[in-house]
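Right, one structure below, let's go through it.
The values are calculated or read from the model by the stated rules, or taken from the named source; none is laboratory data. Computed from a predicted model, the values in this text were never measured in an experiment. Don't worry about glycine lacking a Cβ; one is built from the backbone with ideal geometry, like all the others, and counts go over all protein chains shown.
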């Protein structure tokens with residue numbers, strides 16, 4: 001499967017006018033600006049790869065939906081390059097469990113795609129997942145997205 005192409009089809013939405021509660025604080029405003037400046041084809045590890053300064057943590061579910069193809073791309077492209085973005089994506093997919101804002105926002109078809117993508121990553125990159133110590137996170141995220 002061409003995961004990036006499929007993600008672009010499943011998550012084909014208009015770019016939001018804003019991604020965060022940009023009026024809340026300077027940090028929200030900066031993250032909103034970062035996300036507004038890029039597109040799903042342009043955004044990269046430079047913008048999203050720092051877990052301590054991650055705009056997706058502040059992003060609305062609609063914003064995550066817009067950028068999800070980029071998150072798939074980053075997960076695949078960094079799987080063997082050392083900056084394993086999939087570990088960070090798992091955090092976003094697991095955060096809040098069944099109350100995860102993105103999980104609740106997605107259609108059943110989108111949730112199915114995400115579960116399949118997680119399964120693909122688990123079976124294709126087991127050593128990378130083991131090395132980054134996110135086996136439990138991957139399995140938990142898979143179960144969450146498969147069963148909701």
**Asked** Just for helices (runs of 4 or more DSSP H) wholly inside the range 22-103: which have at least 1 residues that are more than 13 Å from the chain's Cα centre (by Cα)?
**Response** 26-37, 45-48, 61-77
**Pairs where the first residue, in the range 135-148, is farther than 18 Å from residue 101 by Cβ and the second is in a loop (DSSP other than H, G, I, E, B), C-beta under 8 Å, 6+ apart** = none
**Message:** Going by what's in this entry, would residue 141 be described as surrounded by 14 or more Cβ atoms within 10 Å (Cβ to Cβ) and under 12 Å from the mean Cα position of the chain (by Cα)?
**Reply:** yes
**Message:** Please go through (1) touching a residue at least 40 places away in the same chain (Cβ under 8 Å); (2) part of a loop (DSSP other than H, G, I, E, B); (3) closer than 24 Å to residue 148 by Cα for residue 12 and return the number of the only condition it doesn't satisfy.
**Reply:** (1)
**Message:** Being under 19 Å from residue 55 (Cα atoms), surrounded by fewer than 14 Cβ atoms within 10 Å (Cβ to Cβ) and without any contact (Cβ under 8 Å) to a residue 12 or more places away in the chain: is that true of residue 82 here?
**Reply:** no
**Message:** Scan the range 109-124 and tell me whether some residue there is in contact with a helix residue (DSSP H, G or I) (Cβ under 7 Å, 6 or more places away or on another chain) and modelled with pLDDT under 95.
**Reply:** no
**Asked** How many residues does the range 1-39 contain that are within 20 Å of residue 117 (Cβ to Cβ) and modelled with pLDDT under 95?
**Response** 1
